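Report on one structure; see the data block that follows.
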Number of protein chains: 2
Amino acid sequence: METTVKPKKLARTSARATGGSLSSNGSGGARTVASRPTLNAFQLQAVSFFVHAFAALSLPRSIGEIYGLLFSTEEPLSLDDIIARLRISKGSASEGLRWLRSLGAVNPVYLPGVRKEHFTAETSLRKLATGYLRDRINPHLENGPERLHHLQDSIVEGAPESSFQKSRSNQVAGWYKFMGKVLPVVKALAGKF
Amino acid sequence: METTVKPKKLARTSARATGGSLSSNGSGGARTVASRPTLNAFQLQAVSFFVHAFAALSLPRSIGEIYGLLFSTEEPLSLDDIIARLRISKGSASEGLRWLRSLGAVNPVYLPGVRKEHFTAETSLRKLATGYLRDRINPHLENGPERLHHLQDSIVEGAPESSFQKSRSNQVAGWYKFMGKVLPVVKALAGKF
DNA sequence: AATTTTGTTCAAAATTTCTTGAACATTCTG
DNA sequence: CAGAATGTTCAAGAAATTTTGAACAAAATT
């Protein structure tokens, strides 16, 4: 009957196989510009790995797939390469690439004489962490001071509960201070990897 | 035309007002055990605050609401108190409370002579962070070594791309080391708030 | 033991998020 | 410039998650 607590994502149904229809190719990857729509064993593992890892951050599978493919491929790949290899739609690939690019998780590569834009994966943890914090965490922290003020302004001076409420407000203020302390440390540590 | 990048959640439609139908009550909160279904200004702000904050972690709004209510209420509240005040279903309240409890974000309070289980919010950042890391992050890190091995095992020794693939594997190994370094530091810093 | 109180579970409904695919915009090539 | 190549956008469909509500289980009271 499973009486144990199961704090995962409150999920109940959940299920979306990592598989799909990614064909594997004995060995070959891309050559100069790549175009053959198969993944080698390493690429398959990498895609699976990053789909899982990105899911931990509640990011869509397509983004994990794209990053995993680029991470595991030495040659720069174009939008069409990605579409052909991962069998995802143009729309997903385009939006996914944009997201990764804005984060700094993917680098454009200029290939002389080649029209299509090509990309490789950024693997510097410092850059990845910085980009993620900048795009996904900071936006939530920025209006922090304002939100804290809202909280403080809603306290009725003199009311019996005001003392309790003030201590809670201070608690929140402390959390913001914590974020201010911990984020730089994380970035500094990330720089070493 | 907004040509600027907008890496948020890839959301396009999105919209679910924070408001809802939480009635505000001039001043009064709960008395001893609470049961009047209104929120004071401070509680309203707190609920809004935590719904927003939890959303940053992709957690459902009901969980943010419950934690926000408990955080902003001095008296312990029961399941029915929460339902009445937040106007959410029994199911949501029950599952949300279970999730918060298993994380350690909510503490059961024993009130002599009272049947219903009552709860207060845990506000120690150390406990909150520890619980979150334990329940949401560690599970993803635990099978890390195994996943890393899969990656390494898929490398074909001697193949021209094996050198590249090995360097990528090492990259991943480094990331796991980073997590091993940074998590303890975060916990240690959290202890001070 | 029957009844009431309290809390959990889960199928169905509501909502949100993601993917697709085709239309559109833009840039390059001949 | 016309046509082709490349890439973006977004409405509609598909899929996943969250919420609801009622049935069920467990514990306490009479």
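Any read-out appearing in this document is the output of simple, stated calculations on the displayed coordinates, not a laboratory observation. All of these numbers come straight from a predicted model, not from anything done at the bench. FYI the Cβ positions are ideal-geometry reconstructions off the backbone, even for glycines, and counts take in every protein chain you see.
Just report the Cα centroid separation between the stretch A:79-109 and the stretch B:37-98, whole Å.
39
Given label points at 7 Å from Cα along Cα→Cβ, what nm distances, shortest first, separate A:ARG87 from the same residue in every other copy?
4.8
Tell me which GluC sites (Glu not before Pro) from the stretch B:96-187 have a DSSP coil assignment and no more than 13 other beta carbons within 10 Å of their own.
When the GluC sites (Glu not before Pro) of the stretch B:96-187 are filtered for loop state and at most 13 Cβ neighbours within 10 Å, B:GLU157 remain.
Hey, got the dipole for the stretch B:125-190? About the Cα centre, +1 on K and R Cβ, -1 on D and E Cβ, debye to the nearest 20?
Charge dipole, the stretch B:125-190, about its Cα centre: 560 debye, nearest 20.
In chain A, which residue puts its Cβ closest to the axis that turns chain A onto chain B, and how many whole Å away is it?
Residue of A nearest the axis onto B, distance in Å: A:SER58, 2.
I'd like the trypsin sites (Lys or Arg not before Pro) in the stretch A:91-136 restricted to DSSP loop residues with at most 10 other Cβ atoms within 10 Å, sorted by number.
A:ARG115
Between the label point of B:ASN170 and that of the same position in each other copy, find the distances and list them shortest first in nm, with every label point placed 7 Å from Cα along the Cα-to-C-beta direction.
Listed shortest first, these distances are 5.2 nm.
Which entries of A:LYS192/B:LYS192; A:LYS177/B:LYS90; A:LYS187/B:LYS127 have Cα-Cα distances beyond 30 Å here?
The answer is A:LYS177/B:LYS90.
Measure off 7 Å from each Cα along the Cα-to-Cβ vector at A:LEU111 and A:ILE137, then give the distance between these two points in nanometres to one decimal.
The answer from the label model is 3.6 nm.
Along Cα→Cβ at 7 Å, what distances in nm separate the B:GLU157 label point from those on the other copies, shortest first?
7.7
So who's got an amide H within less than 5 Å of the one on A:SER78, skipping anything under 5 residues away but keeping other chains? H placed 1.01 Å off N, in plane.
A:PHE119
Quick one: which residues, 5+ away or cross-chain, put their amide H under 5 Å from the amide H of B:LEU39? H built at 1.01 Å from N.
Hits under the 5 Å cutoff: B:SER23, B:SER24, B:ASN25.
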